[in-house]
Amino acid sequence: MFGNLFEEEEEGGSSGTHLPPKGGDEPPPARGRSDLCGIKNQGGTCYLNSLLQTLLFTPEFREELFSLGPDELGCLEDKDKPGAKVRLIPLELQRLFARLLLVDQQSASTADLTDSFGWNSSEGTNQHDVQELNRILFSALEHSLVGTSGSTFIHRLYHGTIVNSIVCKECGNVSQRQEDFLDLTVCVSGVLSLEEALWNMFVEEELFEGNNLYRCAKCDRLVTAAKSAKLQKLPPFLTMSLLRFSFDFAKCERYKETGRYSFPFTFNLRPFCEQTNGDDSDYTYDLFSVIIHKGGCYGGHYHVYIRDIDQLGRWEPPEEDCKPKTQRKVKEVVKEAFEPKLQEDDPLSVLTSIISQDPSKTVLVDQLGQKLMQKIGSSWSKRFRKHYGPIGKFLQSQSDVFMLVSNGTRVALKTNLPSPVTEPQIPTEPTTNSDPPTASDLGAAEQQQGSNQKPEAEPEGSHWFDLNDSTVTSIRESDIEKQFQGKESAYMLFYRKTQLQRPSEALNNPQYKVPVHLVQMAQEENIKLRGMREKFEATNNTVELHLHLAPCYRLDNGALQPADKEHNGGTDLSFDRRKTVGDLRLAIYQMQELWEGDMALTVAKSLPAGLHLYNTLTDDNVSLYSAGIYTNSDLFVWNGREVCGATILTGAEWEPVLLTVVRPFVDEDVEQEERDGEEYKENGGGFENGGPGLKREARGFAGGVTLCEVKEALGEPKESVLCQEHKGGKRGEQGGGASGWRVFPPDDMQRTLKELSLKDGDALLVLEPQSFDSSVFTLNGDVVTVTTPSDCRWLQVEFQPHGGGGGGGEGEGEERRKIKVPATGNMLLGEVKQRAMEELQLQQKSPGAQFCLRQVDCTGKLLPPVCEELSVRDAGVRLMTTLTLCPGNAPKASQLFLHFSVGAAPSTGMEMDIIVEETYTVKECLKSMLDAVGLDGTCWHLRRLDWCEEVGEPLMDEDASLSELKISSGDTLVVTEGQLPPKGFLKLTMWLYPDPQNTETDFNHTAGETQSLSLPLCGGSTVELRSVGQVEISDEATLEDLKTQVLTLPALQNVCLPITAFMRVWQLEGGRLARILRGQQLTLRKLKLSSGTDLCVQQLLKEEDLGPKEVLVNVKMGVPGERSYYPPEELVWDASRDSSPRSLRTCLAAHYGLSPDSLLLAKHQPDKHIWEEISNWNQQVSKKKKKKRTESLLGAPFHLKDGDTIGIKNLLIDNNRDFVTQEDEQGQQRLREQAEQRRKGEKAAGSDGTAPQRKAGQTKSRKPEVALSINVGEFR
């Protein structure tokens, strides 16, 4: 009934994502501070985990289960043998309980147990009710244990009896009937507490009177009688199931009772029992487990609060960290007073303290290492193993202090050895050390601080834990009261009889009554886990170090370089980072047997300039981890002073920088070629380390040296100039190819490379004073321009006599010629054109003709002509590229070269060109274009081309200049006929909705002359909208103004309306009526209309002025007994106050004069040809927002809007609740055929490797309901 009622919410805390460690699979973590084991969640098994933990912490259930041996249950190894009776469920439950008690892991898996249930892999993700699971699991156990000594233990522990009595008020005859129960289901709705619910069930009587009489068997007639129920037999364990979830049939919604519902921690059932003559202990129960459900009806999570009856866990005050500092300080004083000063460097003192402070005075050997880590913050291996060996050998060597008990699984102090009979034993009185301060002194100190803090542990029997899947935390008993109410509240209660007492040997002893073979299994798993953890820690703490030996290096260019280029002088070493620097030094000594003298280990780093040294590891007692040594770290092994006689500067301030030193390289041949303007080879002229004219060399320098020291290191005279490459003039950013450099000022010569922010790869130009005598170097202020012979290259000029980039007819290719013109970056483009025309002899062939140079883009299209007044570099023309020489004029620097067309967007190659001044206004530019094509008149305006090469927005400001409108050379404008519309005007396309009563005469005068639009309607019919023209109107005009102007259109001259309120205006979107424009005095801007919007006008028979929340719907009443509807009617529904389904149903009932309860409503979806039934419903609770959304038909899932069709069924006379018509079925069949065709097309495309991906945004459907079941074999 509840579907996925217990779907788990995605909440943090129980699981998290971790980066995969380098050591491979990470072993399961050990138990936490509580020393209790959780259970892993398989995806949706929190309900199972909570119940299993409750059964585990029910000692009598656990011991009854452990009492069944392999002779009765069989062995798991025989489960696949034919004919073998292996009772899988109790066997797997035994093994799970043993792991939860004895295996040192944070959480255990229930995979084997759920496999024994017969669940598949998907069952672990299905959520179910824990109350249902409780009954099904007990039933499965009873069936599994048939024929064994434990076949009745479920019945003994949980079975109770209720006796129902009916007493005849006339003859006194009593009719009784007994009823068995394993759990009591109590009501939550309408009651405030568990006691009140039990009082209503077992004390209050139900009277049969009036029309509800009882037939007495003795009187043999209908009589007045009283019915009551009593508890006849009380089980040792009483389970209460709270009815938190219900279904509201009036609202048709699920809901959870979240009001306050209290329950006692101890209560007496005597008032509710049939027999009341026993002792109070026979009727008194104590609460020991509370299963809690967090969430709502559509999702949630289970966890459980459990009282640790056998004191198997370690309880710690949960709010200790939140206490005030004064209270914590008093607590520390008390702790220091009762505990001796701990000597953390003495393992004997540490282990003695750990064992003596444990309540049982014994500690599991497996957990001793973990307790040591918690005590001193360091592991045994890291702190003591080097000097004392493994912890087990240390305990054996100190046999006068320690003794192994419980078959060697626990360690105890000889002075506090537990009794062999009751081991491990809980001391009856708190033990203290020899000479503590008196309790009265400490109490006085606490009273002075105003402290009311509780002791470290609560009194016996009040240790509560929260077991939330894998997580186990301590809680106080008072925390349970927080679960009386709210979204996170108690769902099942488990009570045990107060008279049930536990033996002392069961306390603090998880092995109590656990079969030997299961203890052995747990020990083997613990050994395996320890080995996995040790291996993982060793692997995860191994770092790869790169050692660099000093004899293999030399100092060069401010950094250490390998002496032998073929061998880098390094060696790799794998080392445990938990070991100390001294251990590493010793290991290197053993590797380098010939090493003499001191050995220093310094952290190094490979830089572009070479190897550089940073900090030296000086403390031999520090671990590599603490020293900041990680995998792939570089260490330099040396004497700490010098390398090959050279002093080494260490630290980040001396980090070397690899600079590119640039020097002039100009000889007579190069200068001669530069003067002659001859062509250079593209490969750099054969000069080493760079192009002709400059020589480059990589040099490294320490980051702490000054520029003066750099100049000295380069061997340059004092008069030399150092320059840094100018960021704004890098080669290749602009045309021409020359590069710019900035001279370092004198102040910078005393600054270090680090202070100047020089980085690896930065270039440094070194010039002597005589270098400026060459034409290569030009000094202008502090900027040096370098024009090397490599910049003096060429431009290729191609002559196109017919212009245009689109190819021509045959023969044109013969006239195209290409020549190369020597050019530099400083040469004017006019000079380039002049040289090209001279070589092509164009002046002799076409005297007086005008030509221009144009660039070509990657598609072969000609770009606007370049300005001949600019240089190659300033025009952005790159050397060694091609320019096209075409007929035409070249624009000046103050002019624009524009393309234009008349009337429509130009086709490729069909636009016209014009050159205008960039200071021209739009009006002057338009006049020039009209003069160029021979047009006149004033009814023209200019428009731009938009991004898809179509006619776009007009240039509205005719007095603005072209430069102000950011029109640049190469742009295309369109000369459009018509007056320029005023600013803020909209052009709207108008359609007319036909009058169904006068369809023939409405459009006789426009038939065949206007466009039409087919509009689909409900039921498969369509209506034809007719175009009536366009309206240009200001966006500041009102809706009433728009209606008035529409009536002036020629196509509507025969339409007569008294006032504009008799006209309805629809907005069309996607070929459908989208919305009605409301508000006669609202402007078109506020109505969010834009130019190009399609509007439809409809003539009305009465005035209409819809409000903002009034919805116009088409309502159709179903024909009784038929799959059809009466003609639709328009209805205005006011949803301003209430937009719920109830409001719409009330409105329709008033319209038709019917009762609202007799109407069934549905909304038609014409695109899918389906009807969506509308009922009184509440929307689901949002998981993220945690609040209920308002019920509204205007929102999801219906989104009711203007023009929607509402179907109505009158259930008083029509039993057919199906809204689908024959036309709908035909439409659905068409959609299925179209989907099948698309599927076949996608399948064919998928075979070619082009299968479409799943559409984004598809929501995941809710899982179907799955019945909870456990499969049990036949054992009778």
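The values are calculated or read from the model by the stated rules, or taken from the named source; none is laboratory data. It should be emphasised that the depicted structure is a prediction, and the values quoted were computed from it without experimental measurement. Neighbour counts run over all protein chains shown; Cβ positions are idealised from the backbone, glycine included. What goes into the accessible areas is simple: the full protein's heavy atoms, side chains included, and nothing from ligands, DNA or RNA. Shrake-Rupley method; radii C 1.70, N 1.55, O 1.52, S 1.80 Å.
Summary of computed values
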| item | result |
| --- | --- |
| Filter result for PRO1127 (in contact with a strand residue (DSSP E or B) (Cβ under 9 Å, 6 or more places away or on another chain) and either without any contact (Cβ under 8 Å) to a residue 24 or more places away in the chain or acidic (Asp, Glu) (or both)) | yes |
| Selection within region 1030-1043 - open to solvent by 20 Å² or more (accessible area, probe 1.4 Å) and touching a helix residue (DSSP H, G or I) at 6+ places or on another chain (Cβ under 6 Å) | GLU1040 |
| Top-ranked residue of region 801-847 - restricted to ones that are farther than 16 Å from ALA875 by Cβ and within 60 Å of the chain's Cα centre (by Cα), ranked as modelled with the highest pLDDT | GLY803 |
| Residue, surrounded by the fewest Cβ atoms within 10 Å (Cβ to Cβ), within region 1055-1094, restricted to residues that are touching a helix residue (DSSP H, G or I) at 6+ places or on another chain (Cβ under 8 Å) and of a type in the set (A, V, I, L, M, F, W, C) | LEU1082 |
| Filter result (open to solvent by 20 Å² or more (accessible area, probe 1.4 Å) and in a helix (DSSP H, G or I)) within region 490-506 | SER504, GLU505 |
| Residue match in region 690-697 (condition: open to solvent by less than 20 Å² (accessible area, probe 1.4 Å), under 51 Å from the mean Cα position of the chain (by Cα), at pLDDT 85 or above and under 30 Å from TRP794 (Cα atoms)) | no |
| Qualifying positions in region 879-937 - within 25 Å of SER846 (Cα to Cα), hydrophobic (A, V, I, L, M, F, W, C), open to solvent by less than 60 Å² (accessible area, probe 1.4 Å) and touching a Phe, Trp or Tyr at 6+ places or on another chain (Cβ under 7 Å) | LEU885, CYS886, ILE914, ILE915 |
| Subset of region 261-284 [in contact (Cβ under 8 Å) with a residue 60 or more places away in the chain and part of a loop (DSSP other than H, G, I, E, B)] | TYR261, PHE263, PRO264, PHE265, LEU269, GLU274 |
| Restricting region 169-198 to residues that are free of Cβ contacts under 8 Å to residues at least 24 places away in the same chain, of a type in the set (A, V, I, L, M, F, W, C) and surrounded by 12 or more Cβ atoms within 10 Å (Cβ to Cβ), the residue that is farthest from VAL130 (Cα to Cα) | ALA197 |
| Sole residue being modelled with pLDDT under 80, over 30 Å from PRO317 (Cβ atoms) and open to solvent by 60 Å² or more (accessible area, probe 1.4 Å), chosen from ASN433, ASN407, ASN452 | ASN407 |
| Residues satisfying the stated conditions in region 150-190, i.e. in a loop (DSSP other than H, G, I, E, B) and of a type in the set (Lys, Arg) | LYS169 |
| Residues that are in a strand (DSSP E or B) and either in contact with a Pro (Cβ under 7 Å, 6 or more places away or on another chain) or under 25 Å from GLN1226 (Cβ atoms) (or both), drawn from region 1114-1151 | ASN1114, VAL1115, LYS1116, MET1117, GLY1118, TYR1125, GLU1129 |
| Among residues of region 954-988, those that are surrounded by 14 or more Cβ atoms within 10 Å (Cβ to Cβ), among the hydroxyl-bearing types (Ser, Thr, Tyr) and within 21 Å of CYS867 (Cβ to Cβ), counted | 4 |
| Test set (1) over 22 Å from SER1175 (Cβ atoms); (2) open to solvent by 60 Å² or more (accessible area, probe 1.4 Å) - ARG1137 fails condition number | (1) |
| Test: LYS528 is open to solvent by 70 Å² or more (accessible area, probe 1.4 Å), within 30 Å of LEU68 (Cα to Cα) and under 46 Å from the mean Cα position of the chain (by Cα) | yes |
| Of all residues in region 1204-1237 being surrounded by fewer than 19 Cβ atoms within 10 Å (Cβ to Cβ) and hydrophobic (A, V, I, L, M, F, W, C), the one that is nearest to the chain's Cα centre (by Cα) | ALA1235 |
| Counted residues, region 463-519 - those being in contact with a Lys or Arg (Cβ under 9 Å, 6 or more places away or on another chain) and among the acidic types (Asp, Glu) | 3 |
| Residue list for region 507-558, filter: more than 30 Å from PHE61 (Cα to Cα), touching a helix residue (DSSP H, G or I) at 6+ places or on another chain (Cβ under 9 Å) and in a helix (DSSP H, G or I) | ARG530, GLU534, GLU537 |
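Every residue, every condition in (1) part of a loop (DSSP other than H, G, I, E, B); (2) at pLDDT 85 or above; (3) open to solvent by 40 Å² or more (accessible area, probe 1.4 Å); (4) over 30 Å from ARG793 (Cβ atoms), yes or no:
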{"position": "LEU586", "(1), (2), (3), (4)": "no, yes, yes, yes"}
{"position": "ALA604", "(1), (2), (3), (4)": "no, yes, no, yes"}
{"position": "THR631", "(1), (2), (3), (4)": "yes, yes, yes, yes"}
{"position": "VAL637", "(1), (2), (3), (4)": "no, yes, no, yes"}
{"position": "LEU659", "(1), (2), (3), (4)": "no, yes, no, no"}
{"position": "VAL662", "(1), (2), (3), (4)": "no, yes, no, no"}
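Conditions (1) in contact (Cβ under 8 Å) with a residue 24 or more places away in the chain; (2) in a strand (DSSP E or B); (3) open to solvent by 20 Å² or more (accessible area, probe 1.4 Å), marked per residue:
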position	(1), (2), (3)
LYS251	yes, no, yes
LEU287	yes, yes, no
LYS294	yes, yes, yes
TYR302	yes, yes, no
